[in-house]
């Protein structure tokens, strides 16, 4: 789950993600005469979604949610426009584990799992409908469970592909493994911690390092020999 915490929309993580997106599409489309990598498109789309949702969530938090929270305090549920913005932020946040699972299935199984859109809509709709009765710790636990199921399914998909020896590995496989490692760092340091707010600073650093690894991998492929 990519998150910006309580910072402005433009942050070091956003810049790293933007560089990841640019280099991923350069690999996909072919850059300066390099061969096109159409098989890398799912990774480029996933990273693009990460960037778009991070900017959207950062904007909602910076301009609506944080000012509202400072006004009403920590224990009072959001109301009015702030509530609408918060529910939108919840839905956007919950889309990330489903997006990772979808990209994993496309890259490793060559499937188009459109049904995951419906699964995300049901999960997000349920959390939004249950607010404010379900929020804070109960909501964190539900999000952790959903993200964990998506990650475990993705990891099983990778293992089945590895065990079956279904074709030679390509760059998209490596990139997705790096993304899954980044997601695991968030699950371990934030969602499974019991208090995402308290542990998010350390997870942001780890997350940034992981995506810097994705960027380094892509740049090496992009600038290295064809």
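Key figures
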{"quantity": "Filter pass, residue 19 being more than 28 Å from residue 146 (Cβ to Cβ), buried (at least 18 other Cβ atoms within 10 Å of the Cβ), at pLDDT 95 or above and under 17 Å from the mean Cα position of the chain (by Cα)", "calculated": "yes"}
{"quantity": "Where residue 1 falls short, out of the listed (1) touching a helix residue (DSSP H, G or I) at 6+ places or on another chain (Cβ under 8 Å); (2) at pLDDT below 95; (3) assigned to a helix (DSSP H, G or I); (4) closer than 22 Å to residue 130 by Cα", "calculated": "(3)"}
{"quantity": "Those residues of segment 111-133 which are outside any helix (DSSP H, G or I), out of contact with any helix residue (DSSP H, G or I) (no Cβ under 7 Å at 6 or more places or on another chain) and free of Cβ contacts under 8 Å to residues at least 12 places away in the same chain, in sequence order", "calculated": "114, 133"}
{"quantity": "Residue in segment 127-143 that is over 23 Å from residue 78 (Cα atoms), surrounded by 13 or more Cβ atoms within 10 Å (Cβ to Cβ) and under 15 Å from the mean Cα position of the chain (by Cα) present", "calculated": "no"}
{"quantity": "Members of segment 134-151 found to be under 26 Å from residue 166 (Cβ atoms) and in contact with a helix residue (DSSP H, G or I) (Cβ under 7 Å, 6 or more places away or on another chain), listed by number", "calculated": "148, 150, 151"}
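Residues are listed down the side, and each one gets a yes or a no for (1) under 30 Å from residue 171 (Cα atoms); (2) surrounded by fewer than 17 Cβ atoms within 10 Å (Cβ to Cβ):
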residue	(1), (2)
32	yes, yes
36	yes, yes
40	yes, no
50	yes, no
69	no, yes
79	no, yes
94	yes, no
107	yes, no
112	yes, yes
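The values are calculated or read from the model by the stated rules, or taken from the named source; none is laboratory data. Values in this document were obtained by computation on a predicted structure and should not be read as measured data. Positions of Cβ are backbone-derived with ideal geometry, glycine not excepted, and every protein chain shown enters the neighbour counts.
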